[in-house]
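Working notes, beginning with the structure itself.
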Amino acid sequence: MKSRNKKVITSLMALTLAVSLAGCSGNNGPSSAENEGNALSGTADSNLKPITFTYFSEDSSTNWNNMEDEVGKIITQKTGVTLDAEFAVGDPVQKISLIAATGKYPDLIAAKADLGKLVDAGAVIDLTDLIDKHAPNIKKMLGDKIVRTKYSLDDQSIYAIPTWSSVDEKKFKAEGGFELQHRVVKEAGYPEIRTVKDFEKVIQDYITKHPTDENGNKHIGLSLNADDWHMYQVTNLGFQTTGGPDDGEYFIDQQTHEAIYHFRRPEEKEFFRWLNHMNDIGLLDPESFVQKTDQFKAKVASGRVLGLASPEWDYGDGQNALKAAGKFDQTYGHYPVTMSEEYKDTSFWAAGFDGGYGISISSTCKDPVRAIKFLDFLASEEGQILNNWGIEGKHYTMENGKRTIIPAVQERMNNDNAAFQKESGIGLYWNLMVHYGDGIKDSTGNYFTRSYPEMLTLAYSEPEKEALKAYNAEHWKDLFPKEEEFQPRAYGAAYTMSLPNDDPAVILGAKMKDITWKRIPEAVMSKPEDFDKIWDAYMAELEEAGVEEMEASYTKHIQDRIKLWSAK
């Protein structure tokens, strides 16, 4: 407790120093104090002289265009801010560790669960007062949910503005589950795709009839992307197919709120046994655990991969290439696949608003007030609409009070979205802002985001519409269990918690990850007769490494978060 308070005091001192330095700097225009009255929610303010903030994000942004895109130019015009941005290449955890260790901090940092490393190093500041004084849009949007942005029960500072959870969201779009090409399910007669065996059968039947594509290249039944941190997408399938919500590396008992390392659940063993079976019969891409992300996307773009079990953002670049080539029957539909019908796919099990990680202002930021005002503009109604819809007259029009994408723009979004996003900037700034979720309307009565039923329909290709019609569905979400079928999670999504770097759950978690990332590929790619032996050795190794101590520590953090969030 004392050491945590010391870090908070250090951060506040850094904030005071940063503001003082910014006030006397000759390079960045007027001081923060002089700009304090400037409102960044309307037309451009000529008093806001240009300033460049350095920015690091743990997430990649393949279409980033140095704010030279159309939306980026408007943001700069409105705020005076440009970003000198760097995005993680390889393991983002290593980069955050390096940033924390060197003391060379970017002005803005978008970290995830590794935020604790930055907090421990005094690298990021408490944003509570900045939000209160200079961020009316952020404050308004968060409302009473601001308690969920506090770091922990012991340290109730706000070190990050949440960017990965949307306020009051009601999702309309399915982006997960298992995926199958439209031509595969069409040839099978659009059968029910509910279990891993259903998924396996349609792939096997298609490959039996069509072992190769038109160029003589072998079709791939199921390809996985396990490149570096993408391994989590593979291991997450263990709980995804056995009824668990996405709580990162843990399965949380919804009554006792006790945490268990999710791989230790017997039912998950059977999922990885099924992957082992898929490998044995030749339906699993043998390069799944060794290929790089670019190779995975290239395979998707080739049209050879019949089935996937990845979120859409992971394979989207490859699918966009198929769309650009007009190969819409080789793009994918989403199916709620589980091990058996006793389990429900939990893609739409809402976590509620999570305040865990997001974007932070560093303790060496050249002007924290300008930085928070920049982020506050992005949180304004104008900023939200700009990021989600683009520029009125160029990307959308208002017709009889309804916001409508210009048809030529919609066509480019459907068929050439990567190039269009780089040019337009629409959606590029999502990870810099706290945002209203899908299904929420702005002051004009229009939705903030483009993910609502009528807009989704506009993006569907003919093969996609045909598949949906065959399944008696308007949208892929209709195939999945509904939000109301699940009880609310009192702790949100567990993976958004940021823990101190010296916490047992962090230290032991690193050991468990190393063991798991070695053993899972070994078990999946082994001979079926060796699977049980390898799995038993894996379980024993976890116990020897202290998995129970790790689980106990994480359980305490879950229960403390519930206490923090429920405090009045």
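Observations, loosely collected:
- When residues of region 317-371 are limited to those that are of a type in the set (Lys, Arg) and more than 21 Å from residue 474 (Cβ to Cβ), the one surrounded by the fewest Cβ atoms within 10 Å (Cβ to Cβ): 327
- When residues in region 524-557 are screened for being β-branched (Val, Ile, Thr) and in contact with a strand residue (DSSP E or B) (Cβ under 6 Å, 6 or more places away or on another chain), 2 of them pass.
- The condition of being surrounded by 13 or more Cβ atoms within 10 Å (Cβ to Cβ), more than 16 Å from residue 269 (Cβ to Cβ), at pLDDT below 95 and not charged (D, E, K, R) holds for only one of 492, 546, that being 492.
- Within region 250-288, the set of residues being among the hydroxyl-bearing types (Ser, Thr, Tyr) and in a strand (DSSP E or B) comprises 250, 261.
- Members of region 159-168 that are in a loop (DSSP other than H, G, I, E, B) and either surrounded by fewer than 20 Cβ atoms within 10 Å (Cβ to Cβ) or assigned by TED's automatic domain parsing to the domain that holds residue 337 (or both): 168
- Residues in region 447-469 that are over 24 Å from the mean Cα position of the chain (by Cα) and of a type in the set (Gly, Ala, Ser): 461, 467.
- Selection count, region 104-142, where residues are part of a helix (DSSP H, G or I), over 19 Å from residue 85 (Cβ atoms) and either in contact with a Phe, Trp or Tyr (Cβ under 8 Å, 6 or more places away or on another chain) or hydrophobic (A, V, I, L, M, F, W, C) (or both): 7
- Residue list for region 454-467, restricted to those being touching a Lys or Arg at 6+ places or on another chain (Cβ under 9 Å) and in contact (Cβ under 8 Å) with a residue 60 or more places away in the chain: 456, 461, 463, 466, 467
Condition check ((1) over 18 Å from residue 501 (Cβ atoms); (2) at pLDDT 95 or above; (3) surrounded by 16 or more Cβ atoms within 10 Å (Cβ to Cβ)) across all residues:
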site: 60; (1), (2), (3): yes, no, no
site: 72; (1), (2), (3): yes, yes, yes
site: 75; (1), (2), (3): yes, yes, yes
site: 78; (1), (2), (3): yes, yes, yes
site: 93; (1), (2), (3): no, no, yes
site: 101; (1), (2), (3): no, no, no
site: 108; (1), (2), (3): yes, yes, yes
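- Residue check for residue 326: assigned to a loop (DSSP other than H, G, I, E, B) and farther than 28 Å from residue 547 by Cα: yes
The values are calculated or read from the model by the stated rules, or taken from the named source; none is laboratory data. The structure presented is a predicted model; accordingly, all values stated were derived computationally and were not measured. For neighbour counting, all protein chains shown are included, and Cβ atoms are generated from backbone atoms with ideal geometry for every residue, glycine included.
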